[in-house]
4 protein chains.
Amino acid sequence: MLTTSRLDIADARTIIAAATAKAQEIGVPMCIAIADDSGNLVAFERMDGGKVTSITIAIDKAYTAAAAKKATHEYGTASQPGAPAYGINSAIGGRLMVVGGGLPILVNGAVVGAIGISSGTPAQDLEVAQAGVDGFKG
Amino acid sequence: MLTTSRLDIADARTIIAAATAKAQEIGVPMCIAIADDSGNLVAFERMDGGKVTSITIAIDKAYTAAAAKKATHEYGTASQPGAPAYGINSAIGGRLMVVGGGLPILVNGAVVGAIGISSGTPAQDLEVAQAGVDGFKG
Amino acid sequence: MLTTSRLDIADARTIIAAATAKAQEIGVPMCIAIADDSGNLVAFERMDGGKVTSITIAIDKAYTAAAAKKATHEYGTASQPGAPAYGINSAIGGRLMVVGGGLPILVNGAVVGAIGISSGTPAQDLEVAQAGVDGFKG
Amino acid sequence: MLTTSRLDIADARTIIAAATAKAQEIGVPMCIAIADDSGNLVAFERMDGGKVTSITIAIDKAYTAAAAKKATHEYGTASQPGAPAYGINSAIGGRLMVVGGGLPILVNGAVVGAIGISSGTPAQDLEVAQAGVDGFKG
């Protein structure tokens, strides 16, 4: 058998709080999703003003970052026209997100979950996701 | 034009806290979803030990209760063999939930959102959903 | 964080071999799926003569038994007309299986994965699933 | 009427074993899927450490290579912006994979099945897929 560690609900709340603080700081209401190490949703919050489309996108960014063990913006680079993973954005019924804002969360080198952010620009989403990760590690 | 009222993220947290307290009291870790008046997710928490299948089911119970303005167990009655809504459980790709645990939340007679609970028996799910509603109104 | 145990690929092969032996004994070629504790597929085999429809059904029985921590035939009882979970069979896009043949696999009281069997009668599927579970524990 | 030849479960195990050996050699745990000539799954293994997203992607690469009788990386070339098959990656609900790692398996010029690999880079996936094909023919 394999033994793995994953985010619990208390961890998820800590990460969401840190992401929310950054989102407020930059003035962009966000959808914030936290997944466990298998990509399954642990917690989600849509800040007042967060976009309805971003509900699914944030959840799928967290899913992708956790289940593929990779930041979603790395897939963005790898899937450009002519690049090796071109076309992967429509995989898994479109759940495979290649837009920035999904970051895996690692402890001792192993992925224990992920955060997915959506409603701003991809750069803003990534900035808020990183703040969530930093809030967990801090 | 229409003007509507809907749950905000602070309301959602209040409702989740009340539902969580009841779930802890009865000893069943739950998935808890809060939707707005359009059925779109506002917040979600999977308590430690909540079921993976219940992530989608809780979200869909909240969606159904808000968007159909009806408790999901009422659909359970109405969709029995021979009853008028027989077969509606598979509508909307299976999102139309007819199992108890989804309750609309009303203010001044208007639906402003809903709560969806899953991981226990339908009776337990309903009890925890009601505690969430009561926590909001209290 | 939470620490969990899950079936690895060697465990999955052991379980599949035990299930296959039983399927050969009763003369029914089966589809055999093994999921981890989160419901995600670890291994799958379609015995020569196993049904094409059963590919998805076996995978979804394993998913349901692992992710809902319950034997699928228990859902069959609980979801009969008039019973509390009536209508749950169409949940999660129809992935929630209520037909016998899906069994969770527990170690020290915790679900570490599941087996899903399909191609025979539900009773045959359940018998083969149980043989798989027994092969793991033996 | 048509008479077709297709991989059986023993063939599938042989191919998986050859692919697994190569994956171990290059140090990348993979998801490995084998489809028959109709694109339907015959066998699947997720090596310990294989990605959760790659479960579906490996199965869909095998499906695409068998059912379309073409290596998935050939679709990658044909579906670039301006190329004739542009946009085909989202066909069939996103199951049509255009990323490398899916190879048809031919006997006497006829497709009898396919292998789909995912979890590494597309180049690594293709290398391991080829090792699986070679193991079958060897």
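Restricting the first residue to region A:28-51 and requiring it to be within 11 Å of chain C (Cβ to nearest Cβ), which pairs with a second residue that is of a type in the set (Ser, Thr, Tyr) and part of a strand (DSSP E or B) meet a Cβ separation below 8 Å and a spacing of at least six or different chains?
Here the result reads A:37/A:4; A:37/A:5, each pair linking region A:28-51 to a residue that is of a type in the set (Ser, Thr, Tyr) and part of a strand (DSSP E or B).
Applying the selection to region C:104-122, what residues are touching a Gly at 6+ places or on another chain (Cβ under 6 Å) and of a type outside the set (A, V, I, L, M, F, W, C)?
Answer for region C:104-122, where residues must be touching a Gly at 6+ places or on another chain (Cβ under 6 Å) and of a type outside the set (A, V, I, L, M, F, W, C): C:116, C:118, C:119, C:122.
Just name the residue that is nearest to residue A:18 (Cα to Cα) out of those in region A:107-136 that are more than 14 Å from chain D (Cβ to nearest Cβ) and free of Cβ contacts under 8 Å to residues at least 24 places away in the same chain. Give the derivation first.
Initial filter on region A:107-136 (more than 14 Å from chain D (Cβ to nearest Cβ)): A:107-108, A:115, A:117-136.
From the residues that got through so far, the ones that are free of Cβ contacts under 8 Å to residues at least 24 places away in the same chain too are A:108, A:121, A:123.
Numbers: A:108: 21, A:121: 19, A:123: 17 Å.
Per the criteria, the residue is A:123.
Going through region A:22-36 one residue at a time, which ones are under 20 Å from residue A:49 (Cα atoms) and assigned to a strand (DSSP E or B)? Please lay out each step first, then the result.
Step one: list which residues in region A:22-36 are under 20 Å from residue A:49 (Cα atoms), which gives A:22-34.
Answer for region A:22-36, where residues must be under 20 Å from residue A:49 (Cα atoms) and assigned to a strand (DSSP E or B): A:31, A:32, A:33, A:34.
Considering region A:53-74 alone, what residues qualify as being surrounded by fewer than 24 Cβ atoms within 10 Å (Cβ to Cβ) and under 16 Å from residue D:55 (Cβ atoms)?
Within region A:53-74, A:69, A:70 qualify.
Which one is surrounded by the fewest Cβ atoms within 10 Å (Cβ to Cβ) among residues in region A:1-21 that are part of a helix (DSSP H, G or I) and within 7 Å of another protein chain (Cβ to nearest Cβ)?
If we filter region A:1-21 for residues that are part of a helix (DSSP H, G or I), which is where we start, we get A:9-21.
The next check asks that each one be within 7 Å of another protein chain (Cβ to nearest Cβ); those that pass are A:9, A:11.
Details: A:9: 19, A:11: 22.
Among those that are part of a helix (DSSP H, G or I) and within 7 Å of another protein chain (Cβ to nearest Cβ), it is A:9.
Inspect region D:76-96 for any residue being within 11 Å of chain A (Cβ to nearest Cβ) and among the basic types (Lys, Arg) and give the result as yes or no. Give the steps one after another, and end with the answer.
To start, the set of residues in region D:76-96 that are within 11 Å of chain A (Cβ to nearest Cβ) comprises D:76-83, D:85-96.
Subsequent filtering for residues that are among the basic types (Lys, Arg) retains D:95.
Yes, region D:76-96 contains a residue that is within 11 Å of chain A (Cβ to nearest Cβ) and among the basic types (Lys, Arg).
Look at residue B:41 and say whether it is under 27 Å from residue A:37 (Cβ atoms) and not charged (D, E, K, R).
Spelling it out, residue B:41 is indeed under 27 Å from residue A:37 (Cβ atoms) and not charged (D, E, K, R).
What number of residues within region C:90-137 are polar (S, T, N, Q) and crowded, with 20+ Cβ neighbours inside 10 Å? Break it down into steps so the answer makes sense when it comes.
First pass over region C:90-137, keeping only residues polar (S, T, N, Q): C:90, C:108, C:118-119, C:121, C:124, C:130.
Those still in the list that are crowded, with 20+ Cβ neighbours inside 10 Å too: C:90, C:118-119, C:124.
Number satisfying all stated conditions: 4.
Hey, residue B:71 hits all of (1) of a type in the set (Gly, Ala, Ser); (2) more than 8 Å from chain C (Cβ to nearest Cβ); (3) under 14 Å from residue C:91 (Cβ atoms) but one; which does it fall short on?
Status for residue B:71: all satisfied but (3).
Looking at this structure, is residue B:49 more than 24 Å from residue B:10 (Cα to Cα), in contact with a helix residue (DSSP H, G or I) (Cβ under 6 Å, 6 or more places away or on another chain) and part of a loop (DSSP other than H, G, I, E, B)? Spell out how you get there, then give the answer.
Numbers: more than 24 Å from residue B:10 (Cα to Cα): yes; in contact with a helix residue (DSSP H, G or I) (Cβ under 6 Å, 6 or more places away or on another chain): no; part of a loop (DSSP other than H, G, I, E, B): yes.
So residue B:49 fails the test.
Which one of the conditions (1) under 12 Å from the mean Cα position of the chain (by Cα); (2) farther than 21 Å from residue C:63 by Cα does residue B:56 fail to meet, given that it meets all the rest?
Against the list (1) under 12 Å from the mean Cα position of the chain (by Cα); (2) farther than 21 Å from residue C:63 by Cα, residue B:56 comes up short only on (2).
Name the one entry in D:39, D:100, D:113, D:109 that is out of contact with any Cys (no Cβ under 7 Å at 6 or more places or on another chain) and over 16 Å from residue D:5 (Cβ atoms). Please lay out each step first, then the result.
Numbers: D:39 fails: over 16 Å from residue D:5 (Cβ atoms); D:113 fails: over 16 Å from residue D:5 (Cβ atoms); D:109 fails: over 16 Å from residue D:5 (Cβ atoms).
After ruling out the rest, the residue left standing is D:100.
Residue by residue through region C:55-107, note down the ones that are at negative phi, among the small types (Gly, Ala, Ser) and either touching a Lys or Arg at 6+ places or on another chain (Cβ under 7 Å) or not in a helix (DSSP H, G or I) (or both).
Listed by number, the residues that qualify are C:67, C:68, C:71, C:79, C:83, C:85, C:91, C:100, C:102.
Bear in mind that the values in this text are calculations on the coordinates, not laboratory data. These figures come from a predicted structure and were not determined experimentally. As a convention, Cβ positions derive from the backbone with ideal geometry for all residues, glycine included, and neighbour counts pool all protein chains shown.
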